[in-house]
Amino acid sequence: MCKTMKELEMMVSDYRSLKALKEEIEAELAAAQNEIIGYLDANEKQTEKGKDFTIKVSTCERRTLDRKKLEADLGSLADYDRVSQYRRLYVK
């Protein structure tokens, strides 16, 4: 745990560096994923097996409720709200 301002400054600097590295890696992962999916699409395949891998692409579906439309039909849904709290760190 940081005990001095200098330690905190060093930790924030490390945090920023790590966050930038994470974003760079996530961008590279997304590009690799797009390449793999592009290969499958170009070859009209959903699965492919290699020497040490098996890849598969599938279509997923997520359903959500339209809260505004539901409230327009039923009125306020405040009695049904479930609220959870968490802490979030902002570093600029």
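The values are calculated or read from the model by the stated rules, or taken from the named source; none is laboratory data. In this text, all values refer to a predicted model and were calculated from it rather than measured experimentally. All Cβ positions, glycine included, derive from the backbone under ideal geometry; neighbour counts span all protein chains shown. Remember, those area values only see protein heavy atoms, side chains included, never the ligands or the DNA or RNA. Shrake-Rupley method; radii C 1.70, N 1.55, O 1.52, S 1.80 Å.
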Return yes when residue 41 is over 30 Å from residue 91 (Cβ atoms), surrounded by 10 or more Cβ atoms within 10 Å (Cβ to Cβ) and more than 23 Å from the chain's Cα centre (by Cα) and no when it is not.
yes
So which of 58, 84 ends up being in a loop (DSSP other than H, G, I, E, B), open to solvent by less than 100 Å² (accessible area, probe 1.4 Å) and either modelled with pLDDT under 95 or in contact with a strand residue (DSSP E or B) (Cβ under 6 Å, 6 or more places away or on another chain) (or both)?
58
Within region 1-24, of all residues that are more than 20 Å from residue 90 (Cβ to Cβ) and open to solvent by 80 Å² or more (accessible area, probe 1.4 Å), the one modelled with the lowest pLDDT is 3
